[in-house]
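The values are calculated or read from the model by the stated rules, or taken from the named source; none is laboratory data. The structure displayed is predicted, hence computed values, not measured ones. FYI the Cβ positions are ideal-geometry reconstructions off the backbone, even for glycines, and counts take in every protein chain you see.
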Amino acid sequence: MKTIVLPVDFSDSTDYLLDETIKFAKDINGRISLIHVAPADIGFAIGDMGFQYFPEVEQNEIREELYQLNQLQQRILAHDIDADHMLRQGVAGDIILDYAKEKNADFIVMGSHGRSGIYDVFIGSLTKELTRKSTIPVLVLPCHSCQ
């Protein structure tokens with residue numbers, strides 16, 4: 001059975017990417033491993049007194065993201081496709097690649113919004129980074145209509 005890693009960020013493109021990955025998993029008799037990478041600084045705020053940490057904010061955010069991951073997993077399972085999920089905090093590119101290696105993934109599925117140039121200079125492109133660094137095939141789905 002082939003393993004497909006699908007990073008999700010709960011953006012507008014998540015539903016589209018999930019639906020397309022489900023179709024792909026059916027075609028190749030695959031299983032889907034969802035991963036969401038939360039920023040390491042959830043719960044931190046800058047105020048008059050400098051950086052402050054609010055653990056309840058971090059806990060609530062993580063709880064909500066785990067709930068959303070579980071909902072996505074249930075959608076996959078409803079199609080009789082094996083699925084699991086993971087939430088980690090840190091630098092998305094490195095974590096996704098490490099997770100894909102841990103899962104012995106055959107594919108990583110990412111979306112492309114068609115942005116380039118100055119956007120990549122200032123924001124960076126996770127999909128672009130993964131296609132450059134990954135030894136695992138990265139399938140890039142165009143998401144022009146999901147923005």
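Could you grab the pairs with beta carbons closer than 8 Å, sequence gap of 6+ or different chains, first residue in the stretch 91-104 and under 14 Å from residue 132 (Cα atoms) and assigned to a helix (DSSP H, G or I), second one of a type in the set (Asp, Glu) and at pLDDT below 95?
What qualifies is 93/129.
From 27, 12, grab the single residue that is at pLDDT 90 or above, acidic (Asp, Glu) and either assigned to a strand (DSSP E or B) or out of contact with any strand residue (DSSP E or B) (no Cβ under 7 Å at 6 or more places or on another chain) (or both).
Criteria check complete, one pass: 27.
Taking the stretch 100-119, which residues are modelled with pLDDT under 95 and crowded, with 16+ Cβ neighbours inside 10 Å?
Of everything in the stretch 100-119, those that are modelled with pLDDT under 95 and crowded, with 16+ Cβ neighbours inside 10 Å turn out to be 110, 111, 112, 113.
Which residue pairs have Cβ atoms under 9 Å apart, sit 6 or more places apart or on different chains, and have a first residue in the stretch 111-134 that is farther than 22 Å from residue 98 by Cα and a second that is modelled with pLDDT under 65 and of a type in the set (A, V, I, L, M, F, W, C)?
113/146; 115/123
With (1) closer than 23 Å to residue 12 by Cα; (2) at pLDDT 65 or above as the list, and residue 122 as the residue in question, which single condition is left unmet?
Every listed condition holds for residue 122 apart from (2).
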